[in-house]
1. Filter the stretch A:98-113 down to residues that are within 9 Å of another protein chain (Cβ to nearest Cβ), more than 19 Å from B:I101 (Cβ to Cβ) and surrounded by fewer than 19 Cβ atoms within 10 Å (Cβ to Cβ), then give me how many there are.
2. Looking at A:Q50, A:Q36, which is the one that is buried (at least 17 other Cβ atoms within 10 Å of the Cβ), under 24 Å from B:F34 (Cα atoms), touching a strand residue (DSSP E or B) at 6+ places or on another chain (Cβ under 6 Å) and touching a residue at least 40 places away in the same chain (Cβ under 8 Å)?
3. Taking the options A:L32, A:L39, A:L60, A:L84, name whichever one is among the hydrophobic types (A, V, I, L, M, F, W, C) and in contact with a Pro (Cβ under 8 Å, 6 or more places away or on another chain).
4. If I go through the stretch B:30-61 residue by residue, how many of them are under 18 Å from B:G105 (Cβ atoms), in contact (Cβ under 8 Å) with a residue 40 or more places away in the chain and of a type outside the set (S, T, N, Q)?
5. If I filter the stretch A:69-82 down to residues being assigned to a loop (DSSP other than H, G, I, E, B) and touching a strand residue (DSSP E or B) at 6+ places or on another chain (Cβ under 9 Å), which single residue comes out as surrounded by the most Cβ atoms within 10 Å (Cβ to Cβ)?
6. Given B:S96, B:S58, which one is in a strand (DSSP E or B) and either hydroxyl-bearing (S, T, Y) or in contact with a Lys or Arg (Cβ under 6 Å, 6 or more places away or on another chain) (or both)?
7. For the stretch A:83-93, which positions are crowded, with 22+ Cβ neighbours inside 10 Å and either modelled with pLDDT under 95 or of a type in the set (A, V, I, L, M) (or both)?
8. Within the group B:E8, B:E42, B:E15, which residue is within 18 Å of A:A102 (Cβ to Cβ) and among the charged types (D, E, K, R)?
Amino acid sequence: EAGVAQSPRYKIIEKRQSVAFWCNPISGHATLYWYQQILGQGPKLLIQFQNNGVVDDSQLPKDRFSAERLKGVDSTLKIQPAKLEDSAVYLCASSENRDTEAFFGQGTRLTVV
Amino acid sequence: GDSVTQMEGPVTLSEEAFLTINCTYTATGYPSLFWYVQYPGEGLQLLLKATKADDKGSNKGFEATYRKETTSFHLEKGSVQVSDSAVYFCALRKRSNYQLIWGAGTKLIIKP
């Protein structure tokens, strides 16, 4: 069974530039999560989708971050404009439903310089 | 608010040593508890879980028991191997909205 796919694996951008991350969840998984993991910390939930609807985006900095999940499958997370403090690993995860095990992708490591 | 506290790392042990990584939590209600592992260059993987008090989760020789009285979920293994070197995360899942709350992670280094 294919796992959660994320791209790119690494990205370096200058502050004030924009960047986008892509996630392809496990086939059939209704729930999709984006997490931000800053070095030395646990993951922080940015946004959770149930199919193509947003369930929780309370910790998403909406002035610069946006995410969409068109057709309830793939998802993209965008940052515009990026700040130095956005340097982190961005993790995508999916689960069959909200109360089942979440499977994680390898993450995208973003460095903002 | 709900939170998870793990012992700080890195934890360095010799092969075949006994491992304990402490995890305590603060939560309203009765959350489910998890240990995830992140091997170098890989994504987070579920290691074990427990959904109610006194449950014991186990996998790959690792164990953790849900202790409601001490609000703890300590990870243990009787004899560690070099291949166990990784970062271990303790997490709780709230029953109200299924959100995962994570600890900061503990890096484990096993020396041959």
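The values are calculated or read from the model by the stated rules, or taken from the named source; none is laboratory data. Predicted model, so just to flag it, every value in this text is computed and none were measured. Please note: Cβ atoms are built from the backbone with ideal geometry, for glycine as well, and neighbour counts cover all protein chains shown.
1. 0
2. Going through A:Q50, A:Q36 in turn, the sole match is A:Q36.
3. Details: A:L39 fails: in contact with a Pro (Cβ under 8 Å, 6 or more places away or on another chain); A:L60 fails: in contact with a Pro (Cβ under 8 Å, 6 or more places away or on another chain); A:L84 fails: in contact with a Pro (Cβ under 8 Å, 6 or more places away or on another chain).
Selected residue: A:L32, the only one of A:L32, A:L39, A:L60, A:L84 that is among the hydrophobic types (A, V, I, L, M, F, W, C) and in contact with a Pro (Cβ under 8 Å, 6 or more places away or on another chain).
4. Result for the stretch B:30-61: 9.
5. The selected residue is A:A82.
6. Details: B:S96 fails: in a strand (DSSP E or B).
Of B:S96, B:S58, the one residue that is in a strand (DSSP E or B) and either hydroxyl-bearing (S, T, Y) or in contact with a Lys or Arg (Cβ under 6 Å, 6 or more places away or on another chain) (or both) is B:S58.
7. Matches in the stretch A:83-93: A:L91, A:A93.
8. Details: B:E8 fails: within 18 Å of A:A102 (Cβ to Cβ); B:E15 fails: within 18 Å of A:A102 (Cβ to Cβ).
When all the criteria are applied, what remains is B:E42.
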